[in-house]
Amino acid sequence: MTQLNQLQELMRTLRFVETSNHLAELIKQAEKNDHSYTKFLFDIMQYEQKSREEKQFEKRLKWATFPDYKTLEAFDIKEQQSLSKKQLNQLGDLTWIDQLYNLVLLGPPGVGKTHLAIGLGIKAIYEGYKVIFTSMGDLVHALKTEEITRKSKTRLNRMRDADLIIIDDLMFMAMDQQEANLFFHLINDLHDRSSIVLTSNKAPKEWGELLGDPAITTAILDRIVHRVEIIHLNGDSYRMKHRKNIFGQESVTN
């Protein structure tokens with residue numbers, strides 16, 4: 001075994017796995033540029049740190065289970081006149097997560113609620129926060145099967161440990177009393193521990209139609225609106241305005 005192989009094995013033992021795989025190239029770069037021992041050691045540590053951060057990001061992104069990869073930069077502010085560039089930048093600062101503020105994104109289908117929520121979630125992951133995205137339908141299913149399936153239990157444990165939880169399409173389906181009660185207990189668990197982003201086409205005062213039980217509705221609203229920013233997204237559906245026709249061409253509707 002060569003000295004390089006021995007050094008790589010030692011690095012793997014010390015859990016510098018990514019650097020061990022890249023060590024030969026790092027040595028060549030140091031020799032080519034006549035780096036000092038200090039600079040070479042710095043490059044090794046920096047490479048390992050960057051690799052670990054990338055691995056952590058990939059893991060957090062996988063756990064978040066976003067349906068699409070949509071960034072804040074790709075959010076077309078020109079299509080959404082009810083939200084200013086300044087407001088979008090303030091949301092992107094993510095200080096509201098540290099302050100345990102909730103966001104409620106309201107508006108009809110197609111105006112960018114889900115895109116904005118995902119964009120904020122991806123930005124939060126880049127900043128080191130733990131994020132979980134779920135549709136309301138998937139969440140109700142997980143809550144009802146938490147004691148039955150390992151997948152649901154793991155999912156909800158990650159959710160309770162997350163810094164930011166995004167619940168999409170709140171008014172997607174009506175709940176029976178058991179489902180509303182399970183949803184309340186989750187919101188109660190998250191209260192004062194995590195920030196929640198909710199997207200909905202109905203204002204909070206109309207959520208009673210979904211939850212059924214007035215007492216549970218009041219209790220949930222009390223915890224969500226304790227610290228909340230409600231953002232109304234208006235306008236025409238972006239998907240309808242820029243839909244594709246059967247020939248693969250964009251058909252813009254005025």
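The values are calculated or read from the model by the stated rules, or taken from the named source; none is laboratory data. Nothing here was measured: the structure is a model prediction, and the numbers come from that model. Protein only, heavy atoms only, side chains kept; ligands, DNA and RNA dropped before computing areas. Shrake-Rupley method; radii C 1.70, N 1.55, O 1.52, S 1.80 Å.
Compactness of the stretch 78-139, taken as the C-alpha radius of gyration over 2.2 N^0.38 Å, stands at 1.17. Surface listing: 11, 173, 45 arranged by accessible area from highest to lowest gives 45, 173, 11, probe 1.4 Å. Here the accessible area of the chain is 51 percent carbon and sulfur, with a 1.4 angstrom probe and all protein chains present.
Axis of helix 214-224 versus longest Cα principal axis of the chain: the two differ by about 40°, to the nearest ten degrees. A cut-off of 5 Å between modelled amide H atoms, ignoring neighbours fewer than 5 places along the same chain, links residue 82 with 234. The angle between the Cα long axis of helix 150-161 and the longest principal axis of the Cα atoms of the chain comes to about 90 degrees, rounded to the nearest 10.
For residue 39, a cut-off of 18 angstrom between C-alpha atoms picks up these lysines, skipping any fewer than 8 places away in its own chain: 28, 50.
Less than 5 angstrom separates the built amide H of residue 228 from those of 102, all sequence-distant by 5 or more or on a different chain.
In sequence order, the stretch 102-109 has phi-based couplings of 9, 10, 10, 9, 10, x, x, x Hz under the Karplus curve 6.51 cos²θ - 1.76 cosθ + 1.60, θ = phi - 60°, and Gly or Pro positions carry x.
Under 22 Å of direct C-alpha separation, and excluding same-chain neighbours fewer than eight residues apart, residue 205 reaches these lysines: 113.
Cα centroids of the stretch 199-213 and the stretch 1-47: 57 Å apart. All Cα-Cα separations within the stretch 145-240 were binned at 10 Å from zero, giving a P(r) of 14, 45, 32, 9, 0, each value a whole percent of the pairs.
Helix 113-126 axis versus longest C-alpha principal axis of the chain: approximately 30°, rounded to the nearest ten.
Using the Cα coordinates of the chain, the gyration tensor eigenvalues translate into equivalent-ellipsoid semi-axes of 43, 25, 17 Å, sorted from longest to shortest.
Looking at the chain, the accessible area is 60 square angstrom per residue; that uses a 1.4 Å probe and ignores ligands, DNA and RNA.
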